[in-house]
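K.L.:
Right, I'll just put the structure down here and ask away after.
The values are calculated or read from the model by the stated rules, or taken from the named source; none is laboratory data. Just so you know, these numbers come straight off a predicted model, no measurement behind them. Cβ placement follows ideal geometry from the backbone for every residue including glycine, while neighbour counts extend to all protein chains displayed.
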Amino acid sequence: MSDKPTSDFDPNPPRRNFYGRRNGKTLRHSQKGYLSEDLGDLRPRNVTFKENPDRTPIDPHAIFGNDRPIWLEVGFGGGEHMVHMARTYPDINIIGCEPFINGVAMLLGKIREAGVTNVSVHPGDARDLMDVLPDACIERAFLMYPDPWPKARHHRRRFVTPEHMIPLARVMRPGGIFRVASDIPDYIRQTREEVPPAGFEMIADTDQAWDDWISTRYEQKALREGRPPHYVTFRRM
């Protein structure tokens with residue numbers, strides 16, 4: 001497998017997974033219902049290789065039927081942050097990507113409970129979506145408590161590496177904001193080192209959460225286990 005960074009000119013980008021499991025505990029009956037009843041209407045079309053083998057660009061505004069600003073969350077976990085953003089900012093649209101099906105089911109339940117309609121859910125690899133998004137279409141992106149891949153030999157699987165950051169930079173508009181939250185000091189170290197060369201300027205690096213932040217279950221677990229969270233903000237140059 002090639003180790004070269006992905007770029008918008010690479011017809012065969014590497015597919016080194018930056019996530020772990022696709023499935024976890026057996027889904028509850030209600031969660032199976034969310035997947036069968038709600039996911040189809042929220043899922044963007046022509047994103048997967050099966051649907052779009054030629055990787056023809058899609059119109060992200062057509063997903064929502066309006067021209068509001070579009071935000072992107074990579075790996076939304078249980079969906080707390082994504083739903084909070086959708087509810088706090090009703091005049092934006094947000095697309096969430098998550099390959100872990102249990103997390104997708106949890107998000108769908110939260111969407112139904114909150115009644116938010118400015119959301120779209122890609123139950124798969126964020127790179128598949130970034131492959132088909134046009135240049136400079138995303139105004140804000142979030143990476144909240146990503147899989148830490150703690151072993152040194154796995155650090156290149158982390159999302160904050162060139163093969164992921166170069167495609168993210170391509171789809172973000174100049175001036176767009178990229179937020180990263182993690183409780184793993186080495187993940188933050190790598191974030192500081194590898195995100196700026198992809199085309200981002202670091203504008204905040206702090207242990208103070210953003211004003212519109214909602215603490216997620218991953219953050220609460222980190223705090224219980226004595227790992228303080230850290231928050232880094234970048235601007236797309």
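K.L.:
Just need a number here: residues in the range 47-64 that are touching a helix residue (DSSP H, G or I) at 6+ places or on another chain (Cβ under 9 Å) and charged (D, E, K, R).
P.N.:
1
K.L.:
Here's a follow-up. Taking the range 159-189 as the search range and keeping residues that are basic (Lys, Arg) and either free of Cβ contacts under 8 Å to residues at least 24 places away in the same chain or out of contact with any strand residue (DSSP E or B) (no Cβ under 9 Å at 6 or more places or on another chain) (or both), which one is surrounded by the fewest Cβ atoms within 10 Å (Cβ to Cβ)?
P.N.:
Once the filter is applied, the top-ranked residue is 189.
K.L.:
Related question: Could you tell me which of the residues 39, 72 is under 30 Å from residue 151 (Cβ atoms), modelled with pLDDT of 95 or more and surrounded by 10 or more Cβ atoms within 10 Å (Cβ to Cβ)?
P.N.:
Only one candidate qualifies: 72.
K.L.:
Checking the conditions here, which among 192, 153 is free of Cβ contacts under 8 Å to residues at least 24 places away in the same chain and assigned to a helix (DSSP H, G or I)?
P.N.:
153
K.L.:
When the residues of the range 98-119 are filtered to those that are of a type in the set (Gly, Ala, Ser) and assigned to a helix (DSSP H, G or I), which remaining residue is farthest from residue 145 (Cα to Cα)?
P.N.:
Ranking the candidates gives 114 first.
K.L.:
Within the group 167, 148, which residue is part of a helix (DSSP H, G or I) and not basic (Lys, Arg)?
P.N.:
Criteria check complete, one pass: 167.
K.L.:
Confirm whether residue 106 is surrounded by 20 or more Cβ atoms within 10 Å (Cβ to Cβ) and within 25 Å of residue 134 (Cβ to Cβ).
P.N.:
no
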